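All remarks here apply to the structure that follows.
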Amino acid sequence: MAGTTDWKALVSAKRADRASRIPKDWTLPESITSKVSSKSPVSAFDLLAETSVLTLREHELTEKYDATALLEKMASKELTSLEVTTAFCKRAALAQQLTNCLTEIFFDKALERAQECDDYLNKNGKTMGTFHGLPMSLKDMLMVKGEAATLGFVSYLKKPVAQHDSYIVQIMLEAGAVLYCKTNVPQTLFVCESHNNVFGTTMNPYKLSLTSAGSSSGEGALVGFRGSILGVGSDIGGSVRAPALCCGTFGFKPSVDRLPWGGQQALIRQGWPGVLPTLGPHATSAQDLTLFTKTILTAKPWKRDSTAHAIPWRDVPKKQHLTIGVWGGDADFPITPPVARILKEATAKLESKGHTVKHIKCPSLSTALKFASPGYKFDTSNKVFEFLSEGEEEPVPELHTAAPPDDGAPVDLEAIWNFNANKENYREEWAKVWRENDIDVLVCPGSRQVAPPHGKFGVPYYTMIWNYLDFPASVVPFSKVDKSVDSVDMKDYDVNAVEGAPGSVQVVGWRFQDEETLNATEVIAESLKM
């Protein structure tokens, strides 16, 4: 932690300001908050059941519907944006107190915006756009005019508030979105964990002692708790999908630069030649992943942000019967018993719904790791560690275990050349899998494990491979850990620690076939309904 009184005072002031933005009527009693701890196995949902802050109506609004359904009800005036936004602001306030998932809170602005949406609809007889009146959450890195974007860096506490909106935020607002909060990230955003020294640790709503993963830690926890039903994260190695699979939500990583990346808080140096990041949605349904992506792409983001490819949204027919390749994982990176069982049950259910399932042999994951690893050290100035030094912060322990092993090779032009050549060759190995099996999508684990205890996620092998190859990929929640069937001896696996944790499968498509991948995600999600 930062050593000077100045920085300690800044952190203390920041946390106090965040707490002050939760109305007193929405605060929880000490009898409940005293049970909140990153070492506690209690569920945030169980703690919520002990409260009466939410009315029955607000429980219904935040628990019964997905974004698509709420948008329809607001457009028809069956619901108002003001009542929907109030409900989600209250639930987000509870999520913050139970899981520590928020960084910036601007409920007052959200309620004013919601009233504007209602007034517009009443006056004009039409909605502002696709997202009309919908409360939507944002990962902390995205800029919202008038709000801070500290990214959990102590040194960023002195940065001024945003003077502009990120490009994707502009599009969301023009489509009628109501923005009400920003969400937590881990230190540096390069680990699948949830701790930084400014805001602390975000906890998993299903069991506080489990990680919400990262780096879209707060989005995963907030959407998992249904304090938001549609939000925006980012993904460079699994940062949307890892929180989704840990917190029981849907998440989608598009192909790079389909969605507009520009206008964010500074983090990655311009010109980065390694594995590239992308923004992506967190949601409570598969159709909402499609809704979000289609809405952003229909707005032609490349006309305002040069980082976005000029690839319009394509309306492609939805195949109701898919040819699905199933990859059970790599023996070098064995999956834990519940992940194996859940994948097996999902595969059987897909077959029972008439889909063609092909169990396929895939290229080595070890090869992918070997080829991708150099790309994570191309920033020879170690810029993110400069940000830590400026705030007198020590790196969190997970930074030393979350990155692939360093091969010790020098970083020079030859290394960058080899990195790209190896990626092309490895992608061609996967192209052979797609061609020879004639599959629509691949279904595989999203991780070796379900949500583990804090600090135990490690390297996200089963998500980072798709960032390396730039393949679109989604997470579909399915089943949960059941001690009665998942009590199998395995090194570093404790069924008692993860009992009740959400399960999932990962759906992977071919590069730039984002629309086909989203369609397949919807079909697979429908087929896997419990």
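Quick one: what does P(r) look like for the stretch 429-530 with 5 Å bins over all Cα pairs, in whole %? Once binned at 5 Å, the Cα pair distances of the stretch 429-530 give 2, 11, 19, 20, 17, 13, 11, 5, 0.
Expected output is a single nm value to one decimal: the length gained when fully extending between Ser381 and Ser20, i.e. 0.36 nm times separation in residues minus the C-alpha distance. What is it?
Working: separation 361, 0.36 × 361 = 129.96 nm, distance 3.81 nm.
That pair, Ser381 and Ser20, stretches by 126.1 nm at full extension.
Of all trypsin sites (Lys or Arg not before Pro) in the stretch 39-129, which ones are in loop regions per DSSP and have a Cβ with at most 13 other Cβ atoms within 10 Å? The qualifying sites are Lys39, Lys64, Lys77, Lys126. Going through the DSSP H helices of the chain, which span 15 Å or more along their own axis at the Cα atoms while scoring at least 0.0 as a mean Kyte-Doolittle hydropathy? Helices passing the filter in the chain: 81-99, 286-298. From the Kirkwood radius over Cα pairs of the chain, Stokes-Einstein at 4 °C and 1.567 mPa s returns a whole-number translational diffusion coefficient of 56 µm²/s. Histogrammed with a bin width of 10 Å, the alpha carbon distances of the stretch 1-95 distribute as 13, 34, 29, 17, 6, 1 percent, first bin at zero.
Placing +1 on the Cβ of every Lys and Arg and -1 on the Cβ of every Asp and Glu, with nothing else charged, gives the chain a dipole about its Cα centre of roughly 620 debye. Cross-linked pairs Lys456/Lys483; Lys77/Lys139; Lys8/Lys139; Lys182/Lys253: Cα-Cα separations exceed 22 Å for Lys77/Lys139; Lys8/Lys139.
Computed from label points 7 Å out along Cα-Cβ, the spacing between Ala49 and Lys77 is 4.0 nm.
Counting protein heavy atoms only, the stretch 1-152 has 51 percent of its accessible area on carbon and sulfur, 1.4 angstrom probe.
Hey, how much of the P(r) for the stretch 232-308 falls beyond 18 Å, as a percent of Cα pairs? For the stretch 232-308, the share of Cα pairs beyond 18 Å comes to 41 percent. Given a Förster radius of 25 Å and the C-beta distance between His359 and Met530 as r, what FRET efficiency does 1/(1 + (r/R0)^6) yield to the nearest 0.05? Plugging the Cβ-Cβ distance into 1/(1 + (r/R0)^6) gives 0.60.
What's the longest uninterrupted piece of the chain once you rule out the GluC sites (Glu not before Pro) that are loop residues per DSSP with at most 11 other Cβ within 10 Å?
Longest run free of exposed loop sites: 79-530.
Quick one: of Lys383/Lys423; Lys90/Lys300; Lys145/Lys294; Lys73/Lys294, which pairs are farther than 27 Å apart, Cα to Cα? Flagged as over cut-off: Lys90/Lys300. If you take the Cα centroid of the stretch 167-213 and the Cα centroid of the stretch 339-407, the two points sit 19 Å apart.
Taking 16 Å as the straight-line reach from the Cα of Lys480, the lysines in range (excluding those fewer than 8 positions away in the same chain) are Lys207, Lys344, Lys349, Lys529.
Note on Asp315 and Thr298: the model spin-label points, each 7 Å out from Cα along the C-beta direction, lie 0.9 nm apart. In plain terms, the chain from Lys123 to Leu56 could stretch by 21.1 nm, reckoned as 0.36 nm per residue minus the Cα-Cα distance. Within the accessible area of the stretch 314-429, the carbon and sulfur atoms contribute 53%, probe 1.4 Å, all protein chains present.
If I stretch the segment between Thr401 and Val161 completely, what's the gain in nm (0.36 nm per residue apart, minus their alpha carbon distance), one decimal? If you can, show how the numbers build up before the last one.
Values: separation 240, 0.36 × 240 = 86.40 nm, distance 3.28 nm.
So the extension gain works out to 83.1 nm.
To the nearest 0.05, what FRET efficiency results for Ala9 and Ser40 with a Förster distance of 41 Å applied to their C-beta separation? With R0 = 41 Å, the Cβ-Cβ based efficiency is 0.90. The stretch 68-147 and the stretch 229-259 have Cα centres lying 21 Å from one another. Between Ser366 and Glu351, the simple label model (points 7 Å from Cα in the Cβ direction) yields a spacing of 2.9 nm. With an a/c value of 1.5 or above and a/b larger than b/c for the gyration tensor axes a ≥ b ≥ c computed over the alpha-carbon atoms, the stretch 215-351 is described as prolate.
Normalised by the number of residues in the stretch 386-530, the mean separation of alpha-carbon contacts (under 8 Å, six or more apart) gives a relative contact order of 26 percent.
With all pairs of different alpha carbon atoms counted, what Kirkwood hydrodynamic radius in Å does the stretch 19-175 show? Could the numbers behind the result be given before it?
Numbers: mean 1/r = 0.0582 Å⁻¹.
Radius from the Kirkwood sum: 17.2 Å.
Count Lys and Arg as plus one, Asp and Glu as minus one, and take only other residues whose Cβ is under 14 Å from that of Tyr65; the net charge is then -3. Shown is the FRET efficiency for Asp492 and Leu413, computed with R0 = 25 Å from the Cβ-Cβ distance and rounded to the nearest 0.05: 0.05. Here the relative contact order of the chain, from alpha carbon pairs under 8 Å that lie six or more residues apart, stands at 16 percent.
For the stretch 346-488, give the magnitude of the charge dipole about the Cα centre (Cβ charges: +1 Lys/Arg, -1 Asp/Glu; no others), in debye to the nearest 20. Intermediate values should be presented prior to the final figure.
Details: 15 positive and 21 negative charges, 196 e Å.
Once rounded to the nearest 20, the dipole reads 940 debye.
The values are calculated or read from the model by the stated rules, or taken from the named source; none is laboratory data. All values reported here derive from a predicted model rather than from experimental measurement. Virtual Cβ from ideal backbone geometry, glycine too; neighbours counted across all protein chains shown. SASA here: full protein model, heavy atoms, side chains in, ligands and nucleic acids out. Shrake-Rupley method; radii C 1.70, N 1.55, O 1.52, S 1.80 Å.
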